[in-house]
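Q: My structure is below; once you've seen it, I'll send some questions.
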Amino acid sequence: MAEKPGSVAIYGLSTEGYAIACALASLKRSTIIIDENLHMAMELKPEVASAYPSVKTLIEGEPLLALKSVDTSLSQSEYIFFTPKIRRPSSEVETEIGARLKEVSKYISKGSTLIYGLPTGIGGNLSVLSVIEKVSGLKLGDDFDYVYAPLTPGEKRLSVLGTMMTKRQKRLLEFLASISIKAPTPLSLSSAELLYSKSVSSKYVTIASEFEFQKKMMSREERSKMKKTTFKEFYVDDLCENLLDLKLLVSSVETGEPILYLASGSLKSVDGYIRYLIDELRSILRDKELKASKTRVMLVWTRDEFEMRGDKGHVIDDLVERLHDYIGDIMNVNMFEASAAQGLPLSAEKTNVIIACSQLDFKTLTSGASKLRAFSDNILLLKANLLVERFQR
């Protein structure tokens, strides 16, 4: 396959994709970023990448960008990063990913390398390649190259690197190094899938074990005493970080395989935690004898709405909906890129029940200049961790 020097296209206006685009633009490499929702391709210049370091600032700043056609941008690119935002519910995730992949596959041309930044389950890359070859009419190895490189949430860091490249592998590694992406040791596609699936499964088995055994301890006080020496602290944010990855793993494993029991059991535990969190919050409100009409609940969750994985958004919407059955005044507060907790919409007339959904949020709310001060007698601060702890001043 002949070399194809040219531009680099990033398909997906996500945090991860934009981080790669900014790194490329800073090297003055011809960089095209494609908004997968608007079906619009834009050339990213070094001065724009420097002035707008995140997707949020880019969208809010509305800089003038040179527009390109999507088909030309993809067909003329040497490398194509596949980094779309996935936002449909769990039952439609694979359909959404497939639709995005087909759009890219229509325009990929000979000499290109597609770098797939989403996770797959076991055997998932065979399905991805089948779509690409069927839609494009090209053949892997002869006409195009493919790289499996699931990105760490919110970063441009590669978790694993799977490829069938031989001649062009060195060129790929040099390219990644040029944009400050440290490539893991290249593996076969099947080995990379297994290694990545193992890391996802291990993470969630650990979380599920912590939750299930903590839940068995009847006394809240007993659990609190043991947490510093026996239990690890996980928040609802930790549960959601790679939830898409876990779901894709579960859907890829055949019935009867032990891996399926591990993965599906962990997924069931995560779902159980959401119900448990709601029940614990209701119990705490009852214990404190807080009237629904005199209570404002704030779910404080600093999350990047432009990350590829959209599970945090689904979970926060679910929490708000379920709490609405009990409390009318529910607020979803996203402090992403904010530095001060005084921006919270606190009520002087009601008891403010503030729920920190991540360790970052808890630290922000209780330390430094952001420390909650106003209405100190009117605030109940809770951690959305496995223990659903109350913060005591």
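Q: Examine the stretch 305-312 for a residue that is part of a strand (DSSP E or B) and modelled with pLDDT of 95 or more, and state whether such a residue exists.
A: Start the filter on the stretch 305-312 by keeping residues that are part of a strand (DSSP E or B), which leaves 309.
With the extra rule that they be modelled with pLDDT of 95 or more, the set shrinks to 309.
There is at least one residue in the stretch 305-312 that is part of a strand (DSSP E or B) and modelled with pLDDT of 95 or more.
Q: Sort through L246, L281, L290, L277 and tell me the only one that's touching a residue at least 40 places away in the same chain (Cβ under 8 Å), under 13 Å from K203 (Cα atoms) and in the same structural domain as A208 (by TED's automatic domain parsing).
A: Result: L246 is the single residue among L246, L281, L290, L277 that is touching a residue at least 40 places away in the same chain (Cβ under 8 Å), under 13 Å from K203 (Cα atoms) and in the same structural domain as A208 (by TED's automatic domain parsing).
Q: Going through G343, G328 one at a time, which residue ends up being assigned by TED's automatic domain parsing to the domain that holds L239, at pLDDT below 85 and more than 21 Å from the chain's Cα centre (by Cα)?
A: G343
Q: From the list G17, G61, pick out the single residue that is within 17 Å of L114 (Cβ to Cβ) and either touching a strand residue (DSSP E or B) at 6+ places or on another chain (Cβ under 6 Å) or not polar (S, T, N, Q) (or both).
A: Numbers: G61 fails: within 17 Å of L114 (Cβ to Cβ).
Step by step, each of G17, G61 is checked, and only G17 is within 17 Å of L114 (Cβ to Cβ) and either touching a strand residue (DSSP E or B) at 6+ places or on another chain (Cβ under 6 Å) or not polar (S, T, N, Q) (or both).
Q: Among all residue pairs at least 6 apart or on different chains, which show Cβ distances below 9 Å where the first residue, located in the stretch 44-71, is assigned by TED's automatic domain parsing to the domain that holds R100 and among the hydrophobic types (A, V, I, L, M, F, W, C) and the second is loosely packed, with under 12 Cβ neighbours inside 10 Å and in a loop (DSSP other than H, G, I, E, B)?
A: V48/L64; V70/H39
Q: Quick check: anything in the stretch 254-262 in contact (Cβ under 8 Å) with a residue 60 or more places away in the chain and closer than 30 Å to L126 by Cβ? Lay out the reasoning, then the answer.
A: Going residue by residue through the stretch 254-262, those that are in contact (Cβ under 8 Å) with a residue 60 or more places away in the chain are 259, 262.
Okay, now just the ones that are also closer than 30 Å to L126 by Cβ, so 259, 262.
For the stretch 254-262, residues in contact (Cβ under 8 Å) with a residue 60 or more places away in the chain and closer than 30 Å to L126 by Cβ: present.
Q: Sticking with this one: So, of the residues in the stretch 143-167 that are of a type in the set (V, I, T) and surrounded by fewer than 16 Cβ atoms within 10 Å (Cβ to Cβ), which turns out to be farthest from F82 (Cα to Cα)?
A: The initial filter retains those residues of the stretch 143-167 that are of a type in the set (V, I, T), namely 147, 152, 160, 163, 166.
Applying the additional criterion that residues be surrounded by fewer than 16 Cβ atoms within 10 Å (Cβ to Cβ) yields 152, 166.
On the way: T152: 14, T166: 21 Å.
Restricting to residues being of a type in the set (V, I, T) and surrounded by fewer than 16 Cβ atoms within 10 Å (Cβ to Cβ), the top hit is T166.
The values are calculated or read from the model by the stated rules, or taken from the named source; none is laboratory data. Please read these numbers as outputs of a predicted model, since none were measured by experiment. So basically every Cβ, Gly included, is an ideal-geometry build from the backbone, and we count neighbours across all protein chains shown.
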